[in-house]
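Here is the structure we will look at.
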Amino acid sequence: MKKIIAMLLMCMMVLGLYACGANNEETAENGAASESAEASAEATGEYDFTGKTVGVQLGTTGDIYVSDLEAEGVCTVERYNKGTDAVQALLTGKIDCVVIDEQPAKAFVEKNDGLSIYAQEFALEEYAICVSKDNSDLTEAINGALEELKADGTVDQIIANYIGDDTKGTCPYESPADVDRSNGTLVMATNAAFEPYEYYDGTEITGIDAELAQAICDKLGYELQIEDMEFDSIITAVQTGKADFGMAGMTVTEDRLKNIDFTDTYTTAKQVIIINN
């Protein structure tokens, strides 16, 4: 009889400990879920630039947008010739965040485990090709080519070859075998550090803008020559005739329209904020 009572008491103690352990696990899980929800809510709130040092690529729309905050005394801006330089400064703790276009931001984050894209979209924008105000015939010709390339799905195909999971890398643009290039050469000014729009693959400049420029030249009967330069030099190169047009994920803005003309837009993008995890 004493053995039976002892066994019953032992069972009760085990059950009590199990229940206590279960409650503790449930409390821990609830606490973790609560912390996760709080972190998620914080991540999706508006980014606070107050007192921060923000990295941008010189002359980009990210630079333009953040300059307004700098003028108001909200933050300090560090400007770099290349987006990669801004990201490197972020990785080494010299700045607090980087404002840059979404697709290049994704490429940077994919290559650097310590970085992430803040949930907030900073600004929406439209990309177009810049042409000298003295060369309206070329602007009109490029617009005509763009209209055809949009209608036959070529623009969508080129973008899909670089952006998205389903078709990325499976549908590169190829020039028609019978293309006529008897009209000469068009020089494109770009900044080949802006993946996936323009970047180096070995010694060759490739990307969305490079392929789209090739498709436009194929339509218009020109050879394409791409010149790599600092982003901030592109408009000047087009204005002075060193290049016929500029393509570098370039956004149409009122300030730029004072100095240069733009074609019709060919894609919509957005500025985002890269932060350290």
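The values are calculated or read from the model by the stated rules, or taken from the named source; none is laboratory data. For clarity, every value in this text was computed on a predicted model and none was experimentally measured. Heads up, the Cβs are rebuilt from the backbone with ideal geometry, glycines too, and the neighbour counts pull from every protein chain shown. Heavy atoms of the whole protein, side chains included, go into the accessibility calculation; ligands, DNA and RNA do not. Shrake-Rupley method; radii C 1.70, N 1.55, O 1.52, S 1.80 Å.
Annotations
- Using 0.36 nm per residue and subtracting the Cα-Cα separation, the extra length available between Ala119 and Asn143 on full extension is 5.2 nm.
- Between Asn112 and Glu70, the contour length at 0.36 nm per residue exceeds the Cα-Cα span by 12.4 nm.
- Cross-link pairs exceeding 21 Å between alpha carbons, from the set Lys133/Lys270; Lys150/Lys219; Lys82/Lys270; Lys106/Lys150; Lys82/Lys219: Lys133/Lys270; Lys106/Lys150; Lys82/Lys219.
- Potential extension, Thr167-Glu254 segment - 0.36 nm per residue separation minus Cα distance: 27.8 nm
- Taking Lys and Arg as +1 and Asp and Glu as -1, the other residues whose beta-carbon sits under 9 Å from that of Gln271 total -3.
- Note that the stretch 79-192 presents 51 Å² accessible area per residue, ligands and nucleic acids not counted, probe 1.4 Å.
- Percent carbon-and-sulfur accessible area, the stretch 166-277, ignoring ligands, DNA and RNA, probe 1.4 Å: 42
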